[in-house]
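**Q** The structure under discussion is supplied below as structure tokens; questions concerning it will follow.
Quick note: the coordinates plus some simple rules give every number you see, no bench work behind them. Because the structure is a prediction, the values reported are computed rather than measured. Counting neighbours? That spans all protein chains shown, and the Cβs are built from the backbone with ideal geometry, glycine included.
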């Protein structure tokens, strides 16, 4: 009884204390927001004297405005093996200017999202799309691709039926899409799409066609424009309905505001599909006119063929029993323009195919049909965007070489892992053998990249962009992402991101994103401005004050527009003052 009295007395005391302090236990105070890092982002080419001087001038201007760091992105950091001695001297001048001004220098490395220049060392390390048993025929001493399935109806667009070209579906016939008998191509009428009447949104021409699964195709079309201000033009191949299926390519054609008839190109792999939709047009119609004509499809052959031991090229007889030997039965099956069109580090959607010859003494005979299996590299997302294969060991040798070069040449204060906007993964055999999702492969990749940096330059802080590790951004759970395999392909990628890595968060004013990385223990830098209203940083800072670990801001411009440099930081200082 006495023990019960003691317990009840203690319990009553605890309840009384809690009531006196207010209902429930006291919550820990939210941390103060401390903007330790005030950085400026710039894209430049330090090989050019004028650009170098502008960057040094920016360091001085940023310091005067109150910034204490500069993040320099230069594609030459990726093409490090090709740089001459004067480039190292230029970089040293920038390093010296940063040291003198006490401005921290951050540089980008590990360009997984934009790897074209990085692959100048070996373009065969690109992520590949598989081709299985594509038909080739020996003709006039050459191996030429053949396909008897893929056919476009009325590719010339000269035949019309009820306001639309026969065999095609067009958006808003009679309102936006018209037959034009006056502007012709090769003497034939064309399809005119007139965006000048206030049209907005999507304006396309569409046709569904049969294809062979796991084959490679080249689409092309003639186009002409007049004062066309529309954007986001695409020549698409799509599996299923666009609202549910997956894009099989993402290659924006180079369409100018006003241009004469120009042939535009795109290429795609059919994957497991036997039918695809072909889409041509603008997904952001604004104004002006575009004419279309002469749409074609043909087998892709060996354009951008990848040649590495993990992705071999095999050529067999139709029954698969005879394997033909490169160098004896055929030769020339390497594409000299892979990653070299026109210069090292430049990939093109389409160019003249390599000439594959049948030498004397070959077992191949004139008119014989053979089957070829291989992989090809493809751009995805933007006209210069191609990705490394995460599953190829030589990629990590290349990364280690870059980090070592950057350490010795640039001597940065911070390393930024450029893992942003990765668009292609999971298709080639190197990846398929691992039986992992794209998210799991990315998790492994970023962990290995961070380890390489820490091993090569111990103690240096590391950052990464948020988008590929953010479930509220590109790492969301569902939805298709360009040429990354599977729905919600990058989900779970953050599991490989070490907690010590800082996150440069460019998911403007997204509280869920801030909270997600804070709860995982990452410090964050807010990558603001983005060539928009600099006052937006105020609302973002209000959100940041409610989570732990936000430690900096960065004036981020993709247009090299520094006109708001002072006012952006002034908003930050005023917020801190409040």
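**Q** Could you compute how fast the range 160-299 diffuses translationally, taking Rh as the Kirkwood radius over C-alpha pairs and applying Stokes-Einstein at 20 °C with viscosity 1.002 mPa s? Give it in µm² per second.
**A** Numbers: Rh = 15.2 Å.
The diffusion coefficient I find is 141 µm²/s.
**Q** Related question: Using the alpha-carbon atoms, what tilt in degrees (0 to 90, nearest 10) does helix 49-65 show relative to the longest principal axis of the chain?
**A** 30
**Q** For the range 70-126, rounded, prolate or oblate, judged on the Cα gyration tensor with a ≥ b ≥ c (square roots of eigenvalues), a/c < 1.5 rounded, else prolate if a/b > b/c? If you can, show how the numbers build up before the last one.
**A** Values: a/c = 4.86, a/b = 1.81, b/c = 2.69.
Oblate.
**Q** Let me ask something else. When averaged across all projection directions, what area in nm² does the alpha-carbon convex hull of the range 183-239 cover? Before the final figure, lay out each step's value.
**A** Working: hull surface 22.8 nm².
Computing the convex hull of the Cα atoms and averaging its projections yields 5.7 nm².
**Q** Here is a follow-up. Where the centre of each part is set by its Cα atoms, how far does the range 199-276 sit from the range 318-375, in angstrom?
**A** 26
**Q** Per residue and in Å³, how big is the convex hull formed by the alpha-carbon atoms of the chain? Could the numbers behind the result be given before it?
**A** On the way: hull volume 134.6 nm³, N = 578.
Looking at the chain, the number lands at 233 Å³ per residue.
**Q** Got the relative contact order for the chain handy, in percent, Cα pairs under 8 Å and 6 or more residues apart?
**A** Working: 1315 pairs, mean separation 98.4, N = 578.
For the chain, the relative contact order is 17 percent.
**Q** Arrange the following residues from fewest to most other Cβ atoms within 10 Å of their Cβ: 206, 278.
**A** Listed from fewest to most nearby Cβ atoms, that is 206, 278.
**Q** Here's a follow-up. Grab the DSSP H runs of the chain that are 4 residues or longer, score each as -39,500 (n - 2.57), total them, divide by all residues and round the 222 nm result to the nearest 500 deg cm²/dmol. Don't skip to the answer; put the middle values down first.
**A** On the way: 9 runs with 125 residues, N = 578.
Using -39500 (n - 2.57) per qualifying helix, the result is -7000 deg cm²/dmol.
**Q** Stokes-Einstein D for the range 226-298 at 4 °C, 1.567 mPa s, Kirkwood Rh over Cα pairs, in µm²/s? List each step's numbers first, then the result.
**A** Numbers: Rh = 13.4 Å.
Stokes-Einstein gives a translational diffusion coefficient of 97 µm²/s.
**Q** Taking 7 Å along the Cα-to-C-beta vector as the label spot, tell me the residue 357-residue 259 distance in nanometres, rounded to one decimal.
**A** That separation, rounded to one decimal, is 3.5 nm.
**Q** Let me ask something additional. Count the DSSP beta bridges whose two residues both fall in the chain, then state the antiparallel fraction as a percent rounded to the nearest 5. All intermediate terms of the calculation are to be shown ahead of the outcome.
**A** Details: 73 of 111 bridges.
Bridges in the chain that DSSP calls antiparallel: roughly 65 percent.
**Q** Also, quick follow-up: Would you order 195, 473 from fewest to most other beta-carbon atoms within 10 Å of each residue's own beta-carbon? Mind showing how you got there, number by number?
**A** Details: 195 23, 473 20.
With the fewest neighbours first, 195, 473 line up as 473, 195.
**Q** In whole percent, what relative contact order does the range 160-299 give with Cα contacts below 8 Å and a gap of six or more residues?
**A** Values: 360 pairs, mean separation 48.5, N = 140.
After rounding, I find 35 percent.
**Q** With the cut-off at 1.5 for a/c, could you classify the range 388-441 from its C-alpha gyration tensor as rounded, prolate or oblate? Working shown, then result.
**A** Details: a/c = 3.57, a/b = 2.08, b/c = 1.72.
It comes out prolate by the Cα gyration axes.
**Q** Sticking with this one: Applying 1/(1 + (r/R0)^6) with R0 = 22 Å to the Cβ-Cβ distance of residue 559 and residue 45, what FRET efficiency is obtained, to the nearest 0.05? Before the final figure, lay out the partial values.
**A** Values: r = 16 Å, r/R0 = 0.71.
Taking R0 as 22 Å, the efficiency between residue 559 and residue 45 is 0.90.
**Q** For the chain, take the longest principal axis of its alpha carbons; what is the angle in degrees between that and the long axis of helix 438-456, to the nearest 10 within 0 to 90?
**A** The angle comes out at about 60 degrees.
**Q** May I ask for the angle, rounded to the nearest 10°, between helix 2-21 and the longest principal axis of the chain, with both axes built from Cα atoms and the value confined to 0 to 90°?
**A** Once rounded, one gets 70 degrees.
**Q** Determine by what factor the alpha-carbon radius of gyration of the range 379-474 differs from 2.2 N^0.38 Å, reporting the quotient. Please list the in-between numbers first.
**A** Numbers: Rg = 14.1 Å, N = 96, 2.2 N^0.38 = 12.5 Å.
The reported ratio for this selection is 1.13.
**Q** Here is a further query. Quick check of the Kirkwood formula: for the range 329-437, what is the inverse mean of 1/r over all pairs of different Cα atoms, in Å?
**A** Working: mean 1/r = 0.0567 Å⁻¹.
The answer is 17.6 Å.
**Q** Subtracting the Cα-Cα distance from 0.36 nm times the residue separation, let me have the gained length for residue 102 to residue 229 in nm, one decimal. Show your work: numbers first, answer last.
**A** Details: separation 127, 0.36 × 127 = 45.72 nm, distance 4.45 nm.
Gain in length upon complete extension: 41.3 nm.
**Q** Suppose each label sits 7 Å from its Cα in the direction of the beta carbon; what would the residue 435-residue 146 distance come out to in nanometres?
**A** Each label point is offset 7 Å from its Cα along the Cβ direction, giving 3.9 nm.
**Q** With each label point set 7 Å from Cα along the Cα-Cβ vector, what nm distance links residue 89 and residue 133?
**A** 6.1
**Q** Cα-based Rg (one decimal) and Dmax (whole number) for the range 434-567, in Å?
**A** Over the range 434-567's Cα set, Rg and Dmax evaluate to 15.8, 50 Å.
**Q** Within the range 125-167, what residues put their amide N at less than 16 Å from the label point 7 Å along the Cα-to-Cβ vector of residue 331?
**A** Taking a point 7 Å out along Cα→Cβ of residue 331, the residues of the range 125-167 whose backbone N falls under 16 Å are 141-143.
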